[in-house]
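Asker: Encoded as structure tokens, here's the structure I'll be asking about.
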Amino acid sequence: MVSLSTGSISSRPPRIFSQNGSSQEPPVKISRREIVLRSSELASIAAIFSFSGTKPSYLGVQKNPPSLALCPATNNCVSTSEEASDATHYAPPWNYNPGDGHGKMKPVSREEAMAELIEAIKSMKPDKFTPHITEKTDDYLLVEYESPILGFVDDVEFWFPPGKKSIVEYRSASRMGSFDFDRNRKRIKALRLELEKKGWASEGGF
């Protein structure tokens with residue numbers, strides 16, 4: 001619309017007028033990426049005086065579409081929810097019944113696969129971070145990895161999507177900072193190598 005004071009074209013969207021003549025601003029649609037970025041900014045501000053940071057509000061299985069959250073625009077997160085073309089953030093999901101592993105001889109159930117995953121998590125400290133399982137359901141696992149110095153925390157999620165495929169999605173992200181020296185990616189790789197000993201496999205080249 002045209003501004004009466006300057007005559008310039010405003011970039012604001014037009015107001016919506018109701019039947020009684022009052023005006024309303026049109027609803028603004030926020031993308032999943034924007035939600036993650038805003039939540040990350042708030043968490044960083046709240047964590048200024050706490051090295052452990054604040055647990056992000058967007059953790060858990062997202063509804064539309066069902067998936068784990070995307071990564072913030074930082075270099076300290078990997079997620080199976082990202083596009084495969086995003087080499088910084090994407091990592092392929094795991095299969096706990098691959099054709100050359102469990103699936104070849106004796107496929108395991110979701111419950112058995114969850115138990116194998118928990119065993120691998122508890123038995124390993126690939127980056128010397130201590131794992132703490134803080135949430136567990138039939139198809140979801142949330143683990144807080146705490147550093148031995150200053151108590152920095154990384155949030156690592158695992159999700160077993162519904163369906164016939166024996167797939168495990170995951171997301172590993174630091175609560176603070178912009179760089180992690182590839183710690184989250186190395187942690188995921190170490191867990192995957194341990195699970196391969198039990199008959200798992202990666203669905204990609206990672």
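Asker: Check whether at least one residue in the stretch 103-112 is in contact with a helix residue (DSSP H, G or I) (Cβ under 8 Å, 6 or more places away or on another chain), open to solvent by less than 70 Å² (accessible area, probe 1.4 Å) and under 20 Å from residue 188 (Cα atoms), and report yes or no.
Answerer: Among the residues of the stretch 103-112, not one is in contact with a helix residue (DSSP H, G or I) (Cβ under 8 Å, 6 or more places away or on another chain), open to solvent by less than 70 Å² (accessible area, probe 1.4 Å) and under 20 Å from residue 188 (Cα atoms), which makes the answer no.
Asker: Quickly run through the stretch 134-153 and pick out the residues that are farther than 30 Å from residue 99 by Cβ and open to solvent by 20 Å² or more (accessible area, probe 1.4 Å).
Answerer: Selection gives 134, 135, 144, 146, 148, 149, 150, 152.
Asker: Taking residue 84 and the conditions (1) within 30 Å of residue 178 (Cβ to Cβ); (2) aliphatic (A, V, I, L, M); (3) over 20 Å from the mean Cα position of the chain (by Cα), which numbered condition does it fall short on, given that it satisfies the others?
Answerer: So residue 84 meets the others, but not (3).
Asker: For the stretch 154-176, does any single residue satisfy the condition of being out of contact with any Gly (no Cβ under 8 Å at 6 or more places or on another chain), surrounded by fewer than 15 Cβ atoms within 10 Å (Cβ to Cβ) and more than 24 Å from residue 67 (Cβ to Cβ)?
Answerer: no
Asker: Continuing with this model, one more query. For the stretch 13-31, check the following and say yes or no: at least one residue is over 17 Å from residue 168 (Cα atoms), modelled with pLDDT of 60 or more and within 15 Å of the chain's Cα centre (by Cα).
Answerer: no
Asker: Filter the stretch 177-206 down to the residues that are crowded, with 18+ Cβ neighbours inside 10 Å and polar (S, T, N, Q), then identify the one that is farthest from residue 92 (Cα to Cα).
Answerer: 184
The values are calculated or read from the model by the stated rules, or taken from the named source; none is laboratory data. Bear in mind that the values here come from a model prediction, so they are computed numbers and not experimental data. No Cβ is skipped: glycine too gets one built from the backbone with ideal geometry, and neighbour counts run over all protein chains shown. Each accessible area value is taken on the protein alone, full model and side chains, heavy atoms only, with ligands, DNA and RNA left out. Shrake-Rupley method; radii C 1.70, N 1.55, O 1.52, S 1.80 Å.
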